[in-house]
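The values are calculated or read from the model by the stated rules, or taken from the named source; none is laboratory data. All values derive from a computational prediction rather than experimental measurement. All Cβ positions, glycine included, derive from the backbone under ideal geometry; neighbour counts span all protein chains shown. Only protein heavy atoms, including side chains, enter the accessible area calculation; ligands, DNA and RNA are left aside. Shrake-Rupley method; radii C 1.70, N 1.55, O 1.52, S 1.80 Å.
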Amino acid sequence: MNIHEYQAKELLARNGVNVPSGKACKSIEEAQTAAQALFDAGQSMLVIKSQIHAGGRGKGTFKSGFQGGVHLCKSVEETVETAKAMLGEVLVTKQTGPEGREVKTLLVASAEKIVKELYLAVLLDRNTSKPIVMASTEGGVDIEEVAEKTPEKIVKETIDPAMGMMPYQARKIAAALNLPSSLTGQATKLLMGVYKTFWSCDASMVEINPLCIVENVDETQGIAAVDAKISLDDNALYRHKDILEMRDLAEEAPLEIEAGKFDLNYIKLHGNIACLVNGAGLAMATMDIIKHYGGDPANFLDVGGGASREQVTAAFKIILSDPNVKGILVNIFGGIMQCDVIAEGVVSAAKETNLSIPLVVRLEGNNVEIGKKILNESGLELISGDSMADAAKKIVAVV
Amino acid sequence: MAILVTPETKVLVQGITGSFGGRHAQLSLEYGSQIVAGVTPGKGGQTFEDKVPVFDTVAQAVAETGTTTSAVFVPPPFAADAILEGVDAGLDLVVCITEGIPVNDMVKVKRALEGSKTRLIGPNCPGIVTPGDGKQSSGGCRIGIAPGYIHKKGNIGVVSRSGTLTYEAVWQLTCRGVGQSTCVGIGGDPVNGTSHLDVIKMFNDDPDTHGIIMIGEIGGSAEEEAAAWIRDNCKKPVAGFIAGTTAPPGRRMGHAGAIVSGGKGTAEAKIEAFREAGIQVAQTPSEMADVLLKVM
């Protein structure tokens, strides 16, 4: 699960990480009040940031034609005018796709005077099965590009999960980032806080880009998380009720939310051949084989090991609500499940949804002969596939 | 011989009184596997199906029955604890079937396994089957959730991150009259106990394994590591398949570990690594067995 920048900053702040003061606003009035409070507290410049789960906001364009999802404002009036141009409008960035996302929340925050931009992230290192901190002097840019062109500019520190991050490791990272020694104390506190956030929230990634050396009003320097992105481990959400409340369903694809209600794992793609498969690996392989024979898969759909009649029916409804779909391939390896039970599920789902597009079914495993008989005698115009390759060729041929 | 388990292996089922664990313990018994004990805290003293004693702790089950191997069917919030209980009791092998364990729990388990004698397979895996020589391969050792009857005793080793793709490969082999030494599902999570490479090394050392099918998928770099080792060390023919060529980057494809992130873990890179290592790559999952048999 992903959360918004303002929510990420809230979690970081709870763990002692310095973030610019600000407030999430869902209305123009709230934005006005927040701006007034920040100016009253002595800020001379504010930043107003669109809250959507996608990067590239600053360079994005609203469908209204208004440029930029992030703006600097010098007065309450300017904040209000800018908020009016952003709130409720659809922002298109390089990551949203052409459909864009509606901006329902704005983060109104103090605009820091940035001296230097750095990069910081904590994530799981799959090679060691341990958390790893990645930091770079090259902040505010695409870190994948830095990793590609100048990998020496990324420092990595593996954390022993039995101990957590030790202060010396934070100091080591601070030194590698060439921070002035006057900032070592603050940087250590921030790094420890970012790691604590990662671990205690069961995050899969915490990314601070940019992490900034900032100049305070009294001209001293400080360090702050100017942007923040947190992704969470879905498997661990059951033990974080407070974080679960941060879920924004408007940011997720409606069909994927619907699929989740039936324990179906569905991901929409852009092709026209839908597939319904049991098992994640087989589901991926089914998409691949459709492509291999010249077709284009419309989705990933894993109905899990059980594949009950209710699940299969729900899966058909979800598949068919994608208007691009021109044919369906059902590929089930009935290992423990009986193929006849699955066949009955497919038949009843096809009838219930008044299926009118080609359907190819490939069943294998337990009671496969009875299953095929049920399909053949169902009165449905379905095509039987003998192997995965045979089934894929058949569906590609008829779509 | 076979790897990891033999028909004589004495198996314990953690979570035997749950519906999932109970159903598969029953199927393993029907397959002829030696299910000698069950563990469910608070239900010690009961018997499962009138023959398998249930204990409160793994340590008690070990002391009373001499079990060396556990199958974990415990729900996700309690699964890491169940694995560690098996480690503490000195089991040789723990096979964790449970899907949906928090990643941080597995990070801790993996750390605790350092220096211990226990090998963990999984989590989020179909388990292990060493086929027997009875009807439909019965009399073998079935730990987990794989359908027993699709197997056949023989000399091909199968290792995979995916359950149903493993069944697909096994069934293709069996339908061609070719049996398997042992089939190992290592699981689809980003942190698991045993890697492709660990299993490949065991197959390489097993005199009864004459050829290997290795099935991988997008995410991580375990397949690449295994391929590099195979190139320099493996004495046996290997066929491979990688799922996820069409998976969009940045999305988790069902398995928690099946994700291309930051341009890493792509199917293309893995297939290339296989080819460089001399592994025969199946273009489609329908050809896994045929591709191996061609080079046997």
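Couple of notes before you dig in:
- The set of residues in region A:292-319 being within 8 Å of chain B (Cβ to nearest Cβ) and surrounded by 19 or more Cβ atoms within 10 Å (Cβ to Cβ) consists of A:His292, A:Pro297, A:Phe300, A:Asp302.
- Counted residues, region A:83-103 - those being farther than 13 Å from A:Gln51 by Cα, among the basic types (Lys, Arg) and not in a loop (DSSP other than H, G, I, E, B): 1
- Odd one out for B:Leu12, checked against (1) open to solvent by less than 40 Å² (accessible area, probe 1.4 Å); (2) in contact with a Phe, Trp or Tyr (Cβ under 7 Å, 6 or more places away or on another chain): (2)
- A:Ala162 being of a type in the set (A, V, I, L, M, F, W, C) and either surrounded by 14 or more Cβ atoms within 10 Å (Cβ to Cβ) or away from chain B (no Cβ under 13 Å) (or both): no
- Of all residue pairs spaced 6 or more apart or on separate chains, those with beta-carbon atoms under 9 Å, a first member in region A:284-313 that is touching a residue at least 60 places away in the same chain (Cβ under 8 Å) and among the aromatic types (Phe, Trp, Tyr) and a second member that is assigned to a helix (DSSP H, G or I) and surrounded by fewer than 24 Cβ atoms within 10 Å (Cβ to Cβ) are A:Tyr293/A:Ala389; A:Tyr293/A:Lys393; A:Tyr293/A:Val396; A:Tyr293/A:Ala397.
- Qualifying position, being charged (D, E, K, R) and within 14 Å of chain B (Cβ to nearest Cβ), among A:Glu364, A:Glu344, A:Glu352: A:Glu364
- Of the residues A:Gly56, A:Gly65, the single one that is in a loop (DSSP other than H, G, I, E, B), at positive phi and either loosely packed, with under 14 Cβ neighbours inside 10 Å or over 19 Å from the mean Cα position of the chain (by Cα) (or both) is A:Gly65.
- When each of A:Ile336, A:Ile370 is tested for being modelled with pLDDT under 85, surrounded by fewer than 24 Cβ atoms within 10 Å (Cβ to Cβ) and out of contact with any strand residue (DSSP E or B) (no Cβ under 8 Å at 6 or more places or on another chain), the lone residue that passes is A:Ile336.
- Options B:Ser116, B:Ser138; residue that is in contact (Cβ under 8 Å) with a residue 60 or more places away in the chain, surrounded by fewer than 24 Cβ atoms within 10 Å (Cβ to Cβ), in contact with a helix residue (DSSP H, G or I) (Cβ under 7 Å, 6 or more places away or on another chain) and under 25 Å from B:Asp206 (Cβ atoms): B:Ser138
- Contacts under 7 angstrom Cβ, first residue in region A:9-35 being without any contact (Cβ under 8 Å) to a residue 40 or more places away in the chain, partner assigned to a loop (DSSP other than H, G, I, E, B), 6 or more apart: A:Ala13/A:Val19
- Of all positions in region B:223-234, none carries a residue that is outside any helix (DSSP H, G or I) and within 13 Å of chain A (Cβ to nearest Cβ).
- Taken together, the criteria place B:Ser286 among residues that are within 14 Å of chain A (Cβ to nearest Cβ), closer than 29 Å to B:Gly154 by Cβ, among the hydroxyl-bearing types (Ser, Thr, Tyr) and open to solvent by 10 Å² or more (accessible area, probe 1.4 Å).
- Residue in region B:71-88 that is in a loop (DSSP other than H, G, I, E, B) and at positive phi present: no
- Close pairs (8 angstrom Cβ cut-off, 6 or more residues apart or separate chains): free of Cβ contacts under 8 Å to residues at least 60 places away in the same chain and at the interface with chain A (Cβ under 7 Å from one of its Cβ atoms) in region B:247-263, open to solvent by 40 Å² or more (accessible area, probe 1.4 Å) and assigned to a loop (DSSP other than H, G, I, E, B) anywhere: B:Gly263/B:Pro249
- The set of residues in region B:151-171 that are closer than 12 Å to A:Gly335 by Cβ and more than 7 Å from chain A (Cβ to nearest Cβ) comprises B:His151, B:Thr166, B:Val170.
- For region B:92-109, the set of residues classified as closer than 15 Å to B:Ala82 by Cβ and under 18 Å from the mean Cα position of the chain (by Cα) consists of B:Leu93, B:Val94, B:Val95, B:Cys96, B:Ile97, B:Thr98, B:Glu99, B:Gly100, B:Ile101, B:Met106, B:Val109, listed by residue number.
- Taken over region A:352-388, residues that are touching a Ser or Thr at 6+ places or on another chain (Cβ under 8 Å) and more than 19 Å from A:Gly335 (Cα to Cα) amount to 4.
- Residues in region A:254-272 that are under 24 Å from A:Gly55 (Cβ atoms), open to solvent by 40 Å² or more (accessible area, probe 1.4 Å) and not in a helix (DSSP H, G or I): A:Lys268, A:His270.
The rows are residues; the columns are (1) modelled with pLDDT under 95; (2) hydroxyl-bearing (Ser, Thr, Tyr); (3) over 26 Å from A:Ala236 (Cβ atoms); (4) open to solvent by 10 Å² or more (accessible area, probe 1.4 Å).
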| position | (1), (2), (3), (4) |
| --- | --- |
| B:Arg176 | no, no, yes, yes |
| B:Gln180 | no, no, yes, no |
| B:Cys183 | no, no, yes, no |
| B:Ile186 | no, no, no, no |
| B:Val191 | no, no, no, no |
| B:Thr194 | no, yes, no, no |
| B:Met202 | no, no, yes, yes |
| B:Asp205 | no, no, yes, yes |
| B:Ile212 | no, no, yes, no |
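- Selection within region A:18-41 - open to solvent by less than 50 Å² (accessible area, probe 1.4 Å) and either on the phi > 0 side of the Ramachandran plot or over 23 Å from the mean Cα position of the chain (by Cα) (or both): A:Pro20, A:Gly22, A:Ser27, A:Ile28, A:Ala31, A:Ala34, A:Ala35, A:Leu38, A:Phe39
- Any chance B:Asp92 is more than 9 Å from every other protein chain (Cβ to nearest Cβ) and acidic (Asp, Glu): yes
- Only one entry in A:Gln169, A:Gln186, A:Gln221 is open to solvent by less than 40 Å² (accessible area, probe 1.4 Å), touching a strand residue (DSSP E or B) at 6+ places or on another chain (Cβ under 9 Å) and of a type outside the set (D, E, K, R), namely A:Gln169.
- Taking the conditions (1) under 25 Å from A:Ile267 (Cβ atoms); (2) open to solvent by less than 30 Å² (accessible area, probe 1.4 Å); (3) assigned to a helix (DSSP H, G or I); (4) not aliphatic (A, V, I, L, M) in turn, A:Asp322 satisfies each one other than (3).
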